[in-house]
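Derivation of every value follows stated rules applied to the coordinates shown; laboratory data play no part. Since the model is a prediction, treat every value here as computed from it, not as a measurement. Every residue, glycine as well, gets a Cβ built from its backbone with ideal geometry; the counts of neighbours run over all protein chains shown.
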Amino acid sequence: MTPSVPRGVLAAGVSAWPLLGLGALWLGAVGLELVAGRAVVWLAGQHGPALLAVLLNLLVLWRFAASLRPGAVPLITRYARCDPAGLPPAMESYTRRLTLAWTWLLGLCVLAHAAAPAGLWNTGTVAGWEAAACAALFLGEHLMRSRRFPQLGRATPWRTLRAIRRSAGRPHGP
């Protein structure tokens with residue numbers, strides 16, 4: 001013979017289950033948050049610069065990569081459209097490839113900074129490499145653009161920075 005449970009107790013248990021389920025879910029979430037919080041504090045304390053560099057590079061990488069979606073205007077194309085020299089049709093594919101090059105470089109920087117906590121190299125070394133690579137791409141591109149599109153005049157970093165500033169607040173569409 002199986003023990004019987006009074007109907008009132010069973011009904012109370014069934015009606016309390018959603019509350020117990022939510023309570024268990026809440027306790028689990030709080031526990032997970034505490035564990036994750038401790039992990040973040042440990043990582044930030046030990047690997048804070050690398051973690052911050054990964055997050056910042058991911059943010060900028062996302063900005064470049066999202067502009068390469070079909071139908072979107074590549075970020076550097078958008079900037080070039082705000083340059084007083086204009087954007088000839090021949091330069092559209094150039095600016096798309098340049099946006100892609102920046103996306104790849106930033107992706108490599110993310111991977112390098114993410115590998116720093118593993119002891120492959122230190123974050124300072126990666127930051128130095130990143131600064132040199134970004135400066136080389138930025139300045140080298142101006143030399144290439146001046147040679148490839150002489151009809152646009154001499155490309156200078158100052159002119160590019162002004163175009164970037166002008167593009168702020170403009171619609172992202174084509």
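Side notes on the structure shown:
- Amide H contacts of A155 (H built 1.01 Å from N, in plane; Pro and chain starts excluded): S146 sit under 5 Å, all sequence-distant by 5 or more or on other chains.
- Shape category assigned to the stretch 93-132 from the gyration tensor of Cα positions, a/c cut at 1.5: prolate
- Cα gyration tensor shape of the stretch 48-167, rounded if a/c is under 1.5, else prolate or oblate by comparing a/b with b/c: prolate
- Computed from the C-beta positions of T156 and A115 and an R0 of 45 Å, the FRET efficiency is 0.80 to the nearest 0.05.
- Modelled label positions at L137 and L59, each set 7 Å beyond Cα in the direction of Cβ, lie 1.8 nm from each other.
- Spin-label pair R147/L52, simplified geometry with 7 Å Cα→Cβ offset, distance in nm: 3.9
- For the stretch 85-90, Karplus couplings with θ = phi - 60° (6.51, -1.76, 1.60), whole Hz, Gly/Pro x: 6, x, 10, x, x, 5
- Charge sum, other residues only, whose C-beta stays under 12 Å from T160's C-beta, Lys/Arg counted +1 and Asp/Glu -1: +4
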